[in-house]
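Taken together, the values in this text are just the output of simple stated rules run on the coordinates, not laboratory data. Quick caveat: nothing in here was measured; it's all calculated off a predicted structure.
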Amino acid sequence: MAYTPLASGLLTGKYHKNPELFNKKSWFWHARLQSGLNKSRSLVQALEEIGLRYNATPAQVALNWVINSHGETVVTIPGATKVHQAEESAGAMKFKLTDDEMARLNELSLNLS
C-alpha cells in the first residue's frame, strides 16, 4: 500500500515552483520535506516533462508511475483535501507510461533514498 504516494505533495512540484508554500509549512513539515526538496528536483522535472506528453500534471504522472511500477501489488492512497485534488488523482489513469518513461522515473527515484 503506497501511503502518501505524492511524498506529502513533494512530487507535485508545488514546493519547487513556489518556495513560499514550503516556507508557510510548520516546523514538522519543514523537517520532513527539506531533505527531499533538493533530492527530488530532477525527478519532479522529469514528471513535468512526461506530463507535457500526456497533458497531465506531475502529480498524475507520479500516481500513474506508482500504480503501474509494481503491477497489481501496490494500491495507492493519495490524500485529497479539496474536490479538485480527488479529480486530479483520478486523471492519473487516463494514460499509460511507456517502459522507457517508467525506467527513467525508477532511476531518478533512487536519489530519494
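Output the pairs from K24/K82; K14/K82; K14/K39; K39/K82; K17/K39 with a Cα-Cα distance over 22 Å in this structure; if there are none, say none.
Pairs exceeding 22 Å: K39/K82.
State the volume of the convex hull built on the alpha-carbon positions of the chain, expressed per residue in Å³ and rounded to an integer.
106
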Given Cα pairs under 8 Å that are at least 6 residues apart, what percent is the relative contact order of the range 42-113? 36
Relative contact order [Cα under 8 Å, 6+ residues apart], the range 50-89, whole percent: 34
